[in-house]
1. Output the residues belonging to segment 60-90 that are closer than 20 Å to Ile25 by Cβ and either in contact (Cβ under 8 Å) with a residue 60 or more places away in the chain or of a type in the set (Val, Ile, Thr) (or both).
2. Given the conditions (1) more than 11 Å from the chain's Cα centre (by Cα); (2) without any contact (Cβ under 8 Å) to a residue 40 or more places away in the chain; (3) more than 17 Å from Val11 (Cα to Cα), which single one is not true for Ser57?
3. Can you pull out every residue in segment 14-37 that is more than 12 Å from the chain's Cα centre (by Cα) and surrounded by 16 or more Cβ atoms within 10 Å (Cβ to Cβ)?
4. Would you confirm, using the coordinates I've provided, whether Tyr66 is surrounded by 15 or more Cβ atoms within 10 Å (Cβ to Cβ), among the hydroxyl-bearing types (Ser, Thr, Tyr) and over 12 Å from the mean Cα position of the chain (by Cα)?
5. Restricting the first residue to segment 11-29 and requiring it to be of a type in the set (Val, Ile, Thr), which pairs with a second residue that is open to solvent by 100 Å² or more (accessible area, probe 1.4 Å) meet a Cβ separation below 7 Å and a spacing of at least six or different chains?
Amino acid sequence: MALAYAAALAVALAVGWALRDHHPIFVAGAADLVATVVVFGFSVKYNNSSLYDPYWSVAPLPIALYWSAAGASGVQQLLLLALVALWARA
């Protein structure tokens, strides 16, 4: 599972870097799409759909952190990050 998530992160970062001049929502969406495909591919390869389940609690935090780094700031952004972090922890 660690290999699948490390590969998904690496591919998502590569896509994010390649698209860095585009709108942050497009970049996050494209990076999330390729990461989803990588994790799904691992789940198919190993015939284990439970490999894919944790993705939905892990993925939102890096996406929210990226959006924060992409320019959003202030109290509302801090609150959003705190809530996403709490949700990802659950």
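1. Result: Ile63, Val84.
2. Ser57 satisfies every listed condition except (1).
3. Scanning segment 14-37 gives Leu19, Pro24.
4. So Tyr66 does not fit the description; no.
5. Val27/Arg20
The values are calculated or read from the model by the stated rules, or taken from the named source; none is laboratory data. Because the structure is a prediction, the values reported are computed rather than measured. Positions of Cβ are generated from backbone atoms using ideal geometry, with glycine treated the same way; all protein chains shown enter the neighbour counts. Note: accessible area is taken over every heavy atom of the protein model, side chains too, but ligands, DNA and RNA are not part of it. Shrake-Rupley method; radii C 1.70, N 1.55, O 1.52, S 1.80 Å.
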